[in-house]
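This report refers to the structure that appears directly beneath it.
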Amino acid sequence: MRTAIFAGAASALALLTPAFSATTAAPTHYRAGALEVERLEGKGPPLIFIPGLASGSWTWKADAERLSKRHSVYLVTVPGFDGRKAEPGTTLESLQLDLGRLIEDQHLDRPVLIGHSMGGTLALAYATEHSDRIAGVVAVDGLPVFPGTEGMTGDRSPLAQNARAQIENQTPEQFAAYQQTYMKRVGAIDEAAASRIAEHSSRSDPKAVADFAAQLLLLDLRPKLPGIKVPVVEISPYYEADFAAMGVNEDGKTNYYRLLLGGVEKLDVMSVSPARHFAMFDQPEKFAATLDQALAKLYASQPVKAAK
């Protein structure tokens, strides 16, 4: 098992690059509201890739490039993340409007939204209101409510403000150190891979990261989940060492995520292990196969039109 983990981590280091390979056409860049969009050359059912908190399109480059051979692929980056300047007034709600603008402006025929972490939560939020405009959602460790807070009642503001205060006034050096600590504990199994992920995520604006972290802690989409009328596949990373002390096995974590997503009519939860939050870097081959299976499930359940 350890050999497999380190092999996956080595592959992850090769994938953490800001550019596509020389054999891939250069992406087209434009804006959809506050979102920066990269479009890859490709034809077929459209996919929109959404990165998570403090992340950029680098999260998805390997899978986006691979899937562009049979899909139209769009990668988005949120203001304040991955070196982008923050834009005041950008919220999870406003980003839903921007996703709608991207779909409308590019005349996308029911794309699949593929989101990691905050990106998965954003995709779920969009689906609660606009299932008629998409074919489905694949969320990777992105949930309708922040894990561990699902039992909270009453005002969540103190929790959100606490998280904001921990991050927003950090210097770039402090933020970089914070990202290193976080990614080695939560982001990836291999320290070298985690360190490279942290280097990328530390390019983000601490104030923007703090603001979105607070928004995520305030959010609880569970009452709206019955409004999702398209299939949803949740990909759940699992690393036994992280859950042993809690007595939670792989099936237990999968069932926990299924519980948090209760109310989604067409739901499937798929596990990838051994992997932490950035499962696409810990287990690139296994993750790619799981993502392909997830897309196959979505299209089988609600087929999209073939490319003309």
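Among residues of region 41-67 that are closer than 29 Å to residue 214 by Cα and open to solvent by less than 10 Å² (accessible area, probe 1.4 Å), those with a beta-carbon under 8 Å from a residue that is modelled with pLDDT under 95 and of a type in the set (S, T, N, Q) at least six positions away or on a different chain give the pairs 58/17. Out of the residues in region 234-252 meeting the condition of being of a type in the set (D, E, K, R) and open to solvent by 70 Å² or more (accessible area, probe 1.4 Å), tell me which one is nearest to residue 274 (Cα to Cα). Result: 240. Residues of region 176-191 that are under 22 Å from the mean Cα position of the chain (by Cα) and over 20 Å from residue 57 (Cα atoms): 178, 181, 184, 185, 189, 190, 191. Look at region 233-252: where a residue is without any contact (Cβ under 8 Å) to a residue 60 or more places away in the chain and a partner is among the basic types (Lys, Arg) and surrounded by fewer than 13 Cβ atoms within 10 Å (Cβ to Cβ), sitting 6+ places away or on another chain with Cβ atoms under 9 Å, you get 242/185. Taking each residue of region 274-295 that is without any contact (Cβ under 8 Å) to a residue 24 or more places away in the chain and looking for partners that are in a loop (DSSP other than H, G, I, E, B) and buried (at least 24 other Cβ atoms within 10 Å of the Cβ) with beta-carbon atoms closer than 6 Å, six or more apart or interchain, yields nothing. In summary, residue 194 fulfils each of the numbered conditions (1) within 20 Å of residue 90 (Cα to Cα); (2) of a type outside the set (S, T, N, Q); (3) buried (at least 19 other Cβ atoms within 10 Å of the Cβ); (4) touching a Lys or Arg at 6+ places or on another chain (Cβ under 8 Å) with the single exception of condition (1). Would you check which residues across region 205-217 are more than 15 Å from residue 95 (Cβ to Cβ) and in contact with a Phe, Trp or Tyr (Cβ under 8 Å, 6 or more places away or on another chain) and list them? Selection gives 205, 206, 217. Being in contact (Cβ under 8 Å) with a residue 24 or more places away in the chain and among the aliphatic types (A, V, I, L, M) is a property that holds for residue 210. Taking the condition out of contact with any Gly (no Cβ under 7 Å at 6 or more places or on another chain), among the small types (Gly, Ala, Ser), open to solvent by 20 Å² or more (accessible area, probe 1.4 Å) and not in a helix (DSSP H, G or I), does residue 262 pass? When the stated conditions are applied, residue 262 passes them. Could you list all residues from region 81-94 that are in contact with a Pro (Cβ under 9 Å, 6 or more places away or on another chain) and open to solvent by less than 60 Å² (accessible area, probe 1.4 Å)? Passing the criteria: 81, 82, 86, 90. A count restricted to region 152-187 and to residues that are over 14 Å from residue 54 (Cα atoms), open to solvent by less than 30 Å² (accessible area, probe 1.4 Å) and in contact with a Ser or Thr (Cβ under 9 Å, 6 or more places away or on another chain) stands at 1. Just to be sure I understand, how many residues within region 279-301 are over 16 Å from residue 48 (Cα atoms), of a type in the set (Ser, Thr, Tyr) and open to solvent by 20 Å² or more (accessible area, probe 1.4 Å)? Qualifying residue count, region 279-301: 1.
The values are calculated or read from the model by the stated rules, or taken from the named source; none is laboratory data. Computed from a predicted structure; not experimentally measured. We place every Cβ from the backbone using ideal geometry, glycine too, and count neighbours over all the protein chains shown. Surface accessibility is based on the protein's heavy atoms, side chains included, excluding ligands, DNA and RNA. Shrake-Rupley method; radii C 1.70, N 1.55, O 1.52, S 1.80 Å.
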